[in-house]
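All of the numbers you see were taken from the coordinates with simple rules; none came from a lab. Note that the structure is predicted; figures quoted are calculated from it, not measured. Every residue, glycine as well, gets a Cβ built from its backbone with ideal geometry; the counts of neighbours run over all protein chains shown.
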Amino acid sequence: MGEEKAIDKKKIAWQVKEVIRAIREKKGFDLTVLDVREIASFTDYFIICSGTSTKQTQTISDAVREELERKELSPYHIEGYEYGKWILIDYIDFIVNIFLPETREYYELEKLWADAPRIELDKLEE
């Protein structure tokens, strides 16, 4: 059982890296990954980033979904794509949040989940 959890942890870390790569390729900024495993029962990580316009947030969302679908991972649920102010893509093990800066500032997810450790992006497991 412990070995299975280690494999799952590495798989999730790899998927999170793929999301980060897709976000960076589409010039998403202010990227943060929160480890919420100890304080939330519904997911392991929040990936949060911003885009400068609704078109860019939608483009980032498209890139994330396309990249993971190439790896045969489809989202469980998507919200907010039509308006592009806050796009939420739920992959169960992690949730991608793509914001316009003013919307991100208004909802303050990082403050809401302040007890969650921030993951250093260059230190995610291989």
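Points worth noting:
- Restricting attention to the chain, lysine pairs at least eight places apart or on different chains and with alpha-carbon atoms under 17 angstrom apart total 16.
- Where labels lie 7 Å past Cα in the beta-carbon direction, separation of Asp62 and Tyr76 in nm: 2.7
- When you filter the GluC sites (Glu not before Pro) in the range 36-83 for DSSP loop state and at most 11 other Cβ atoms inside 10 Å of their Cβ, you are left with Glu38, Glu72, Glu82.
- Answer label for Cα extents along the principal axes in Å (calculated), chosen among [x] 44, 33, 26; [y] 37, 35, 25; [z] 37, 31, 27: [x]
- Footprinting exposure proxy ranking of Phe29, Phe94, fewest other C-beta atoms within 10 angstrom first, gives Phe29, Phe94.
- Listed residues Ser41, Ser61, Ser53, most fluctuating in the chain (Gaussian network, C-alpha, under 10 Å): Ser41
- Taking the chain and dividing mean pair separation by its residue count, relative contact order in percent (alpha carbons under 8 Å, at least six apart): 29
- Helix axis angle, 2-25 relative to the chain longest principal axis, alpha carbon, degrees: 20
- Residues Lys55, Lys85, Lys10 in ascending order of nearby Cβ atoms (within 10 Å, fewest first): Lys55, Lys10, Lys85.
- Sparsely packed loop sites in the range 32-71 (the chymotrypsin sites (Phe, Trp or Tyr not before Pro) outside DSSP H, G, I, E and B with at most 15 other Cβ atoms within 10 Å) comprise Phe42.
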